[in-house]
Amino acid sequence: MSITLSPQHETIPAIYQEIHPPLDKLTATLEADRCLECGGPYAPAPCMNACPARVPVPQFIKAIREGRPEEAARLIFEANILGGSCARVCPVEELCEGACVLTKEGRRAVSIGRLQRYATDVALARQLNFFTRPAWKPQSVGVIGAGPAGLACAAELAKMGYDVVIYESRPQPGGLITAAIAPYKQLTDPLPAEVAMIERLGVKLHYGVTVGKDISIEELERRHQAIFLGVGLGADSKARIPGEDLSGVWDSLKFIEQIKSGRFPKIGPTVAVIGGGNTAIDVAREAVRLGATNVMVLYRRTEDQMPAFKHEVKAARKEGVHFYFLTAPVRFIGDGKVRQIECIHMKLGAPDRSGRPAPEPIPGTEFTLEVDTVIKAIGQEKRVELFQALGIATEGGLVKVNEYFQTSREKFFAGGDCVNGGATVVEAVRHGKIAAQGIAKFLAKG
């Protein structure tokens, strides 16, 4: 995806500044030398266990320390074909680095994510090819969606020798990596190079193809012996409150996508973000980078119940973001453009279907906040209509799968956000890898 920046870009360079810049050779070597090389054949290192893709962390760090970044990259990409992207966007504080044994001694964790980025950047810059396509198998697999789950599944199947075709409705691959990961984490690179590596395995990608519109489900079933659904979730959920259509009220995904395309959204000095997940934190921090001087996050539950990662909330606070807990919007007020939010205080009641205490409004506690811009980050719609058309069983709008991510229709497998409702990129990669193994087992039965 090419980025054409507006003239405004020159006045707001921080919008594209990475929060975790790359390491050079010397700093990478010094950082790698801090690793204790935990684990062994019978007890994998805690950092490796914490990685959904099971990247062999101590082994690749050892290779970096010994001056063999290409070997480190091979180990990474064998475990995670999107290892370069994950090095940038993974919540390492919650995963590999959070499990680093150095933290048990009160020391800083090894910078595993940045070391992974260093190794993969070296390999991708040199266009190294770590995979040789095996003998071709006659069966074909269709993959719907070129997001992380679909790309990972396609790569694993291609490495086994299957003919794989990906159908993507957007004009470019990556799913939410491309469209909705905050640019201070990842703008575009290295995803195009990773996709090129997948294509060299023989995977064919068709863009601008929407299943049910540009190609029928029946035609897909005729072409392929198995099908993987990596369709993610749909558009932003509606708040379903008055004033939602006022100018200045943004959906979170559109807000981030516009920034990533180089067309900065026009915002005022006071911005309110509705929601408590990681996307809410991302758009709040983006608003700060766009020049807002008062950024508020309104969340209807308590801080302890926020889905957002704690380190992300901490970083947002450090950048000046304010949080209003047990607060929910009632309506957006304006004269064609949003000017105020009427809010109400909440209390926690009995647990809902998620198992968390349900927020309940407290009558008579309404108040208003002056705002210039509102960004809704309250989740995404589920693709129920597609699943119904496919005749696939769902639960709560998400696809039901078995341990191999096989759906109620044995020819169809699924993974990623359409199964778990929205999680990390590396978790989607894990789904794609396991589903590829399930598809191989299914096809082997004939």
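Here, each number is a calculation from the coordinates, and none is a lab measurement. If you're wondering where the values come from, they're calculated on a predicted model, not measured in any experiment. Note: ideal-geometry Cβ built from the backbone for every residue, glycine included; neighbour counts use all protein chains shown.
FRET efficiency for the GLU18 to GLU381 pair, using the beta carbon distance and R₀ = 30 Å, is estimated at 0.45.
The order of TYR404, TYR42, TYR184, going from fewest to most other C-beta atoms within 10 Å of their C-beta, is TYR42, TYR404, TYR184.
Summary of packing: across the peptides 197-210, 74-87, the per-residue average of other C-beta atoms within 10 Å ranks them, highest first, as 74-87, 197-210. Of the peptides 53-66, 350-363, 154-167, the order by per-residue mean of other Cβ atoms within 10 Å, starting with the highest, comes out as 154-167, 53-66, 350-363.
Its Cα gyration tensor gives the stretch 82-173 an equivalent ellipsoid, and the semi-axes of that ellipsoid, as √(5λ) in whole Å with the largest first, are 33, 16, 13.
Dividing the summed helix terms, -39500 (n - 2.57) for each DSSP H run of n ≥ 4, by the number of residues in the chain produces a 222 nm estimate of -9500 deg cm²/dmol to the nearest 500.
At 0.36 nm per residue, and after removing the present C-alpha to C-alpha distance, how many nm does the segment from ALA358 to TYR324 gain when stretched out fully? Each step should come with its number before you reach the end.
Numbers: separation 34, 0.36 × 34 = 12.24 nm, distance 1.71 nm.
Result: 10.5 nm gained on full extension.
Here's the picture: a label point sits 7 Å out from the Cα of ARG317 along the beta-carbon direction, and within the stretch 265-304 the residues with their amide nitrogen under 12 Å of it are 303-304. Using amide H atoms built 1.01 Å from N in the peptide plane, name the residues 5+ places from VAL231, or on other chains, whose amide H lies under 5 Å from its own. Hits under the 5 Å cutoff: GLY415, CYS418. Between ASN49 and SER247, the simple label model (points 7 Å from Cα in the Cβ direction) yields a spacing of 5.7 nm.
When each of the peptides 235-242, 411-418 is scored by the mean number of other C-beta atoms lying within 10 Å of its residues, the order from highest to lowest reads 411-418, 235-242.
Remark: THR327, THR279 ranked as THR327, THR279, counting other beta-carbon atoms within 10 Å and listing the fewest first. About its Cα centre, the dipole of the stretch 297-446 is roughly 580 debye, where the only charges are +1 on Lys and Arg Cβ and -1 on Asp and Glu Cβ. With the convex hull of the Cα atoms taken as the outline of the stretch 273-313, the averaged projected area works out to 2.7 nm². Rounded to the nearest 5, the antiparallel percentage of DSSP beta bridges internal to the chain is 35%.
Quick check on the exposure proxy: order TRP250, TRP136 from fewest to most C-beta atoms within 10 angstrom. Could you put the intermediate results ahead of the total?
Numbers: TRP250 23, TRP136 10.
The most exposed by this proxy come first: TRP136, TRP250.
Within the set of other residues whose C-beta is less than 10 Å from the C-beta of ALA179, count the net charge using Lys and Arg as +1 and Asp and Glu as -1. Provide the component values of the computation, followed by the final result.
Working: positive: ARG170, LYS254, LYS260; negative: GLU257.
Taking every other residue near ALA179 into account, the sum is +2.
Starting from the Cα-Cα distance between ASN420 and GLU303, subtract it from 0.36 nm times their residue separation and give me the gain in nm to one decimal. The partial results should precede the final answer.
On the way: separation 117, 0.36 × 117 = 42.12 nm, distance 2.25 nm.
Using 0.36 nm per residue and subtracting the Cα-Cα distance, I get 39.9 nm.
Counting 0.36 nm for each residue step from SER261 to GLU221 and taking away their Cα separation leaves a gain of 10.9 nm.
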